[in-house]
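Here is the structure we will look at, set down as C-alpha cells.
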Amino acid sequence: MQRQSTGYLFVLPALMLLAMLIAYPVAYTALLSVTDNQGEYVGLENFRRILAARATPIAFWNTLWWVFGSIVFQVVLGVLTAILLNQNFRGRALVRSVTLVPWVVPGIVAATTWAWMLHTEFGIINYMLTAPGLIDEPVGWLTNGRTVMPVMIAINVWKMFPFVAIMVLAGLQSIPNDLYEAARIDGASFWEEVWYVMLPQVRMVIVAVTLLLVIWALNHITIIYAITRGGPANRTLITPIQIFRTAFEGVQFNQAAALSVMFFGVAIVVVFVYIKTLASSGDQP
Amino acid sequence: MRMKTTALLSAAIAALSAGTAFAGEVTWWTPNFNEARAKTLVEKFQAANPGITVKLEVTTTDGLPQRVLTALQSGAAPDIVDVQHGWVNGYAQNKLVLPLDEVLKDREDYIPAALEYVTWDSKLWGIPYRIETHAVIFNKGDFTAAGLDPNKPPQTWDELVAAAEKLSTDGKSGFAITGGGEVGNTIFRSLPFMWMAGGGIISDDGKKVLVNSPESVKAVTFYTDFFKNKLSPASTLENDGTANRRLFIAEKVSMYQSGQFDVPSIKKENAKIDVGVMPIPHPEGSKTAAILGGWSLVVPSSAKNPEEAKTFIAFLAESDSQAVLTDTFPARISAMKAERFNDPILDVFKQMLPYGRPVPAHPRWVQISQAYFDGIQRILLGDEDAQKAMDGAAAEIESLL
C-alpha cells in the first residue's frame, strides 16, 4: 500500500504534464462544441450547423478517398522498396539514403515545390510532357476536377513511402538467416521467400506502421492546404482542413470544435476497429 | 483538438515573449513591408515622448490573419496590431479589441468608407491609415500590336471583352481573372462587377442574399466567361493575384486587375513592358466600383499598456505620419498632398478611390465568401452554370445569415 502510493507520487509530475497537454485541450474542445462564442450553453446547435454545411459531406468522402488511397500505395510501395533495399547490390548504401530524401524534406517545402512543378503554365511537369510532344496541351493537374485528388495522393505517397520502407527494412534485417536457408533447402523461389518468410516476419511492423499512416493521413493538413487550400470547389477539401478553415479563417471556433469532436469519434472508431481486426489476429501466427 | 493544442502552444509562446513587457513599453506588430517606414516614425515618436518605448515586431502577411487571431484569443497579444480593415469587425464583435473613438481626431479628414469599415455597433474599433483599390493594369505594347489605342483603353464591359478578344493571340491571354489562391483574391476582383451591375453577395445590412439575383448572375457570368471563352489563362483555377502578376511580367497576360503595389515589381522584373493603368470597366450607363482595401491599427483588449498604445496610435494617425507609413495611399485626405503620391502612374488608382466600397460587415463573412468562391470554382470547373452555382451558393449563404 505504502509502496504503491509512493509510486503514484513519482509519476505525478508526468501525469500532470499529460493532463495539461492532452486532457485539458480535449475537454476544452468538448466544452467549446456545446457553447457559443459568449460561452453560453447551446446544446447541439453547433453540431447541427456544421453538419448542415454543404462542405461537410464532401469533406467526409474526400477524407475517405485521401486516407484509403494514400495508405494502400504508401504500404505497397514502401514494402516493395524495403524488399529491394534488403538485397545485396552495389551502391546499396547510397540508394538507401537517397530513398529517404522525400521523407526528410519539410512538408511545406515539398508541397510548395510540387505546386510549382505541377502549375499549368510554368510547371516543369507539363513542360517535360509537351516539349517532346507526348501531349498536345498542358494538363491542368491542379485545376482539373478529376486529376487534383489523385495528384494530392501521389504527393503524399511520395512523401511517406520512404518511412514505410525504412521501418519494414529494419524488420527484414532482424529475420534470422536460418529461415532463408531452410526455405532455400526446401526449394523456395525468391517470391516464395518474400511471401512465406519475409512478409509473415514483418507483419507486426506493417500493422504498426499502417496504423501510424492512417492517423497521419487522417489529421493531415500541410500538403493539401499549401497546394490547393482544399479547392478547386472543395475537390480536395478533407475534414482536418475544414476544421482549420472553420476555426482560423471563419472564426467559428465552436462549430470547428463540434466538427473536431465528431471527427475524433470517427477516428477513434477507425483505429479501434483496425487494431481489433488486424493487430490481434497477429497474435496467433 | 489539433487547433486547441496549437492555440495553447502559441499562447504559451506568446506569454513567454510578452512576459517582458514593462510599463511605458508599447509592442507594435507591423508587417514586413512597413518595417523601414515604421522605424522612422518610432524614432520620431520616441524623441517627442521619452516616457514611452515602442518595441517594433515585424510580421509577414502570409498566415497573418490566423496569427493575429490566435494572439488575440489567447489573451497574450501585443499593444498595437496592423490588420486589414476587413478583419476589424470580427474582432470587435468578439470583444477582442478596444474601441478607439477617443483617439480619432479630424473625422471629416478621413475617406468615409475607411471609417465605415472599422465601425461596429456605432463605435470605432480601429484607426485606418492606409487605403487602396484595384484598377486594371495593362500592357501598352500589346495594345498597339493588337491594333488598339493604348491611350483609349476600354471603358465598358463590352469594350473590355472586345479588347480581350483582340489581345488573346499567340498564346497570350487578354484579361486574366483569378479563380484560385486565397478566397479574397477572387472576391476583390469579382465583387466590384456585381456591384456595378446592381447586385452583390449579401446586402449591406447583411440581411438579404443577393448572390443569385439576376444582376449578380449577370456579373458572375461576365467574370467567368473570360475563362470559358479562353480570354483568361488555362491556369485560372490555380491563379491568385500574384500568379496573374507573374503571367503579366512573363508577357503572357495583357490586362489584369490589381493595386498600385504591383507596378514597381513589374517595372523591376521586366522593364520592357510599358505599363498602362485604366479604371475598372463598368456596364454601359453605370458607374465603376472597387473594393476599398487597406490597413488599420487596433489595440487588443488584452494589451498590457493600452493607454500608451493609444498615445502612439494618435501620433500615427496624424496626417504627416499617415503620409509616411502607408505603402499605397493614406486614409486621410490631407495626407494625400505629400510629394510621393504625385507619380502620374498613380493617377488612375487615385481616381478609383472615391468608388471604393467596404465589403459587407458580417460575423460570418469569411464563410459567406467561401461559399460564393466555391460557386465560382464550380462554374470554372464546368460543373454547373452561373445560375445553378449561384443558387447553390445562395442556399449555403442563407443558412449563414
Original post:
Does B:A389 satisfy the criteria of being closer than 30 Å to B:S203 by Cβ, among the small types (G, A, S), outside any helix (DSSP H, G or I) and within 14 Å of chain A (Cβ to nearest Cβ)?
Top reply: no
Subject >> Which numbered condition B:E284 misses (of (1) within 30 Å of A:N144 (Cα to Cα); (2) surrounded by fewer than 16 Cβ atoms within 10 Å (Cβ to Cβ)) >> reply: (1)
Subject >> Filter result (without any contact (Cβ under 8 Å) to a residue 12 or more places away in the chain and part of a loop (DSSP other than H, G, I, E, B)) within the range B:251-271 >> reply: B:A271
Original post:
Can you tell me which residues in the range B:74-113 are touching a residue at least 60 places away in the same chain (Cβ under 8 Å), part of a helix (DSSP H, G or I) and among the hydrophobic types (A, V, I, L, M, F, W, C)?
Top reply: B:V88, B:A113
**OP:** Inspect all residues belonging to the range B:163-173 and state whether any of them is touching a helix residue (DSSP H, G or I) at 6+ places or on another chain (Cβ under 6 Å), of a type outside the set (F, W, Y) and closer than 20 Å to B:K252 by Cβ.
**Re:** yes
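Listed here are the residues, each with its yes/no results for (1) out of contact with any Cys (no Cβ under 7 Å at 6 or more places or on another chain); (2) part of a helix (DSSP H, G or I); (3) closer than 25 Å to B:M352 by Cα; (4) at pLDDT below 95.
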residue: B:A163; (1), (2), (3), (4): yes, yes, yes, no
residue: B:G171; (1), (2), (3), (4): yes, no, no, yes
residue: B:N185; (1), (2), (3), (4): yes, yes, yes, yes
residue: B:L191; (1), (2), (3), (4): yes, yes, yes, no
residue: B:M194; (1), (2), (3), (4): yes, yes, yes, no
residue: B:S216; (1), (2), (3), (4): yes, yes, yes, no
residue: B:A219; (1), (2), (3), (4): yes, yes, yes, no
residue: B:F226; (1), (2), (3), (4): yes, yes, yes, no
residue: B:A243; (1), (2), (3), (4): yes, yes, yes, yes
Original post:
Does A:A247 satisfy being modelled with pLDDT under 90, on the phi < 0 side of the Ramachandran plot, within 17 Å of the chain's Cα centre (by Cα) and within 14 Å of another protein chain (Cβ to nearest Cβ)?
Top reply: no
Original post:
Going by the structure shown, is B:T288 in a helix (DSSP H, G or I), among the hydroxyl-bearing types (S, T, Y) and at pLDDT 90 or above?
Top reply: no
Original post:
Could you say whether any residue in the range B:350-359 is touching a residue at least 40 places away in the same chain (Cβ under 8 Å) and over 16 Å from the mean Cα position of the chain (by Cα)?
Top reply: yes
Original post:
Does A:L172 satisfy being closer than 30 Å to A:F272 by Cα and modelled with pLDDT of 90 or more?
Top reply: yes
Original post:
Got a sec? Which of B:T40, B:T61 is more than 14 Å from every other protein chain (Cβ to nearest Cβ), under 24 Å from B:W120 (Cβ atoms), surrounded by fewer than 22 Cβ atoms within 10 Å (Cβ to Cβ) and in contact (Cβ under 8 Å) with a residue 24 or more places away in the chain?
Top reply: B:T61
Original post:
Residues in the range A:183-204: is at least one surrounded by 14 or more Cβ atoms within 10 Å (Cβ to Cβ) and within 30 Å of B:D383 (Cβ to Cβ)?
Top reply: no
Original post:
For the range A:114-137, how many residues meet the condition of being crowded, with 17+ Cβ neighbours inside 10 Å and either modelled with pLDDT of 85 or more or farther than 16 Å from B:G180 by Cβ (or both)?
Top reply: 8
**OP:** Being in a loop (DSSP other than H, G, I, E, B), in contact with a Phe, Trp or Tyr (Cβ under 9 Å, 6 or more places away or on another chain) and facing chain A (nearest Cβ under 10 Å) is the filter here, so list the residues in the range B:228-241 that pass it.
**Re:** B:P233, B:A234, B:S235
Original post:
Out of all the residues in the range B:318-349, which are under 20 Å from the mean Cα position of the chain (by Cα), outside any helix (DSSP H, G or I) and under 17 Å from B:D109 (Cα atoms)?
Top reply: B:T326, B:F329, B:P330, B:A331, B:R332, B:I333
**OP:** Please state which one of A:M152, A:M167 is farther than 30 Å from A:S33 by Cα, at pLDDT 90 or above, part of a helix (DSSP H, G or I) and within 14 Å of chain B (Cβ to nearest Cβ).
**Re:** A:M152
Original post:
From the list B:V211, B:V161, which one is over 25 Å from A:F122 (Cα atoms), within 14 Å of chain A (Cβ to nearest Cβ) and touching a residue at least 12 places away in the same chain (Cβ under 8 Å)?
Top reply: B:V211
Original post:
Just one of B:T178, B:T169 is closer than 30 Å to A:L142 by Cβ, among the hydroxyl-bearing types (S, T, Y) and either surrounded by 15 or more Cβ atoms within 10 Å (Cβ to Cβ) or in contact (Cβ under 8 Å) with a residue 24 or more places away in the chain (or both); which is it?
Top reply: B:T178
Subject >> Number of the exception - B:G24 against (1) touching a strand residue (DSSP E or B) at 6+ places or on another chain (Cβ under 8 Å); (2) at pLDDT below 90; (3) away from chain A (no Cβ under 14 Å); (4) buried (at least 17 other Cβ atoms within 10 Å of the Cβ) >> reply: (4)
Original post:
Any chance the range B:354-369 includes a residue that's within 30 Å of B:V161 (Cα to Cα), within 13 Å of chain A (Cβ to nearest Cβ) and surrounded by 16 or more Cβ atoms within 10 Å (Cβ to Cβ)?
Top reply: yes
**OP:** Give the range B:131-145 a look and list any residue that's touching a residue at least 60 places away in the same chain (Cβ under 8 Å) and of a type outside the set (D, E, K, R), or say none.
**Re:** B:I131, B:T133, B:H134, B:A135, B:V136, B:I137, B:F138, B:N139, B:G141, B:F143
Original post:
Across the range A:212-244, what is the total count of residues that are more than 8 Å from chain B (Cβ to nearest Cβ) and either among the small types (G, A, S) or assigned to a helix (DSSP H, G or I) (or both)?
Top reply: 17
**OP:** Please work out which one of (1) farther than 30 Å from A:A115 by Cβ; (2) in a loop (DSSP other than H, G, I, E, B) is the condition A:G140 fails and give its number.
**Re:** (1)
**OP:** Could you tell me which residue of the range A:33-65 is nearest to the other protein chains (Cβ to nearest Cβ), considering only residues that are part of a loop (DSSP other than H, G, I, E, B), surrounded by 11 or more Cβ atoms within 10 Å (Cβ to Cβ) and of a type in the set (D, E, K, R)?
**Re:** A:R54
Original post:
Of everything in the range B:294-318 that's surrounded by fewer than 24 Cβ atoms within 10 Å (Cβ to Cβ) and among the hydroxyl-bearing types (S, T, Y), which residue is nearest to B:S334 (Cα to Cα)?
Top reply: B:T311
Original post:
Do the conditions hold for A:L100, that is, is it surrounded by fewer than 15 Cβ atoms within 10 Å (Cβ to Cβ), away from chain B (no Cβ under 14 Å) and in contact (Cβ under 8 Å) with a residue 12 or more places away in the chain?
Top reply: yes
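The values are calculated or read from the model by the stated rules, or taken from the named source; none is laboratory data. Quick caveat, the model's predicted, so the values are computed rather than measured. All Cβ positions, even for glycine, are placed from backbone atoms using ideal geometry, and neighbour counts span all protein chains on display.
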